[in-house]
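Report on the structure given below.
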Amino acid sequence: MGGKQQHDIRHSDRTPAALGYSMPPEWAPHEATWLAWPHLASDWPGKLDTIRWVYTEIVRKLVPGERIHLMVRNAAEEARARQYLHRAGCPLSRVLFFHHPTNRSWTRDSGPIFVTRSQRPHPRAIVQFHFNGWAKYPNWRRDRQVPEAAARHLGMPLFEAFWNGRPFVLEGGAVDVNGSGSLLTTEECLLHPEIQVRNPGFSRRDYEAALQAHLGVRNVLWLKSGIVGDDTHGHVDDLARFVNRNTIVMVRESNPRDPNYRRLEENWELVPDLRLEDGSRPQVIALPMPAPITFDGYRLPASYANFYIGNAAVLVPTFNDPKDRLALGILGELFPDRPVVGIHAVDLVLGLGTLHCLTQQQPA
């Protein structure tokens, strides 16, 4: 696609939804998965090399079903990544290296968020949600450029998200969709008036209208709080996820003495009132929580809800915990069409995120 054509779409005053676009669900067929090769040692203190092998395993499990767009900062980093993947027996023909400098490796939140429509031209497009380091960290400016760079690389239209005349900030981990008009999110992440405020002054109505305009949803299901230790202050992808159009899995803590117990029960108290886009009640299935994992006295956000749905497998974080087997079994019954595979995430969660936080799907 030529530069002028992309320029015209970028500055269109029509929203993606007005042009027929919406965000497909994660279980819909992918063309590829986007990842950013890990490089920031402070995200995984003393364990960066271990994390490279975890990434290698993620790629190895996904490539039988789809291509991988692997972002690397430069040629030297590409050469290093190729070494790891080759040694693990990963077919490099399925991995497309994309040179783009990033601050961090959390592609779910800063990477391209895709929307699709049935008509041509341009059946797929990317929405730029103006990532700002979760309204917390200073190192985000390179990450914010990733959606624009991806749109150029793929030749897709890019919509810059604005609402009320201001850039609309949203991370991919803050929302989850069923592809039929409903979206899950939390009040803690989007509506807290003081902590990590992405869009100062936005009301619930503003968010619902902006999400409708940019992701094509008609119905927002608001939960209360995310899990303890979540550095994003309430991302829904550590809490609750759609697994099909009318089924949600949501984590639940069984130990009343655990700090997660009360806050998660408050979400379960909302379940009888949840409604989908057609007015029906979703089925909500409990996922267990692993036992607490701490580092230097800090509770890490370990959650089985941070799974990723690929074409060839559903990848689920595991934590050397007896409940790993239970979580894998629950998700295995919910995804009968593809294997459910555990990925060791005790080291990964040291970076305050796991599998879903690292990945971003590109729809077919």
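The values are calculated or read from the model by the stated rules, or taken from the named source; none is laboratory data. Predicted, not measured: the structure shown is a model, and the values here were computed from it. With ideal geometry, Cβ positions are generated from the backbone for all residues, glycine too; neighbour counts draw on all protein chains shown.
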Completion exercise
Within segment 39-57, the count of residues that are farther than 21 Å from Asp143 by Cα, in a helix (DSSP H, G or I) and either under 21 Å from the mean Cα position of the chain (by Cα) or in contact (Cβ under 8 Å) with a residue 12 or more places away in the chain (or both) comes to 5
Fill in the blank from the handout: Every listed condition ((1) without any contact (Cβ under 8 Å) to a residue 60 or more places away in the chain; (2) of a type outside the set (D, E, K, R); (3) within 19 Å of Ile113 (Cβ to Cβ); (4) part of a loop (DSSP other than H, G, I, E, B)) holds for Val220 save (4)
Practice task
Report whether or not Glu31 is under 18 Å from Gln361 (Cα atoms), assigned to a strand (DSSP E or B), in contact with a strand residue (DSSP E or B) (Cβ under 8 Å, 6 or more places away or on another chain) and at pLDDT 95 or above.
Solution key: yes
Completion exercise
Residue pairs qualifying under the 6 Å Cβ cut-off, at least six apart or on distinct chains, with the first in segment 81-104 being crowded, with 16+ Cβ neighbours inside 10 Å and the second being in a loop (DSSP other than H, G, I, E, B) and among the hydrophobic types (A, V, I, L, M, F, W, C), are Ala81/Trp37; Arg94/Val63; Asn103/Trp140; Arg104/Leu40
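Yes or no, residue by residue, for (1) part of a strand (DSSP E or B); (2) out of contact with any helix residue (DSSP H, G or I) (no Cβ under 7 Å at 6 or more places or on another chain); (3) over 23 Å from Phe307 (Cβ atoms):
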residue	(1), (2), (3)
Glu78	no, yes, yes
Leu96	yes, yes, yes
Asn103	no, no, yes
Arg120	no, yes, yes
His130	no, no, yes
Completion exercise
Here the residues within segment 200-227 that are closer than 23 Å to Lys136 by Cα, touching an Asp or Glu at 6+ places or on another chain (Cβ under 9 Å) and surrounded by fewer than 20 Cβ atoms within 10 Å (Cβ to Cβ) are Arg204, Trp222, Lys224
Exercise for the section: Would you be able to tell me the number of residues in segment 29-50 that are of a type in the set (Val, Ile, Thr) and either surrounded by fewer than 21 Cβ atoms within 10 Å (Cβ to Cβ) or more than 17 Å from Cys357 (Cα to Cα) (or both)? Expected result: 1
Handout entry: Output for segment 231-270, where each listed residue is assigned to a loop (DSSP other than H, G, I, E, B) and crowded, with 24+ Cβ neighbours inside 10 Å
Key = Thr232, Gly234, His235, Leu239
Completion exercise
Screening Arg166, Arg152, Arg205, Arg141 for residues that are more than 25 Å from Ile309 (Cα to Cα) and without any contact (Cβ under 8 Å) to a residue 12 or more places away in the chain leaves only Arg205
Exercise for the section: Identify the residue in segment 105-142 that is in contact with a Lys or Arg (Cβ under 9 Å, 6 or more places away or on another chain) and hydroxyl-bearing (Ser, Thr, Tyr) and, among all such residues, is surrounded by the fewest Cβ atoms within 10 Å (Cβ to Cβ). Expected result: Tyr137
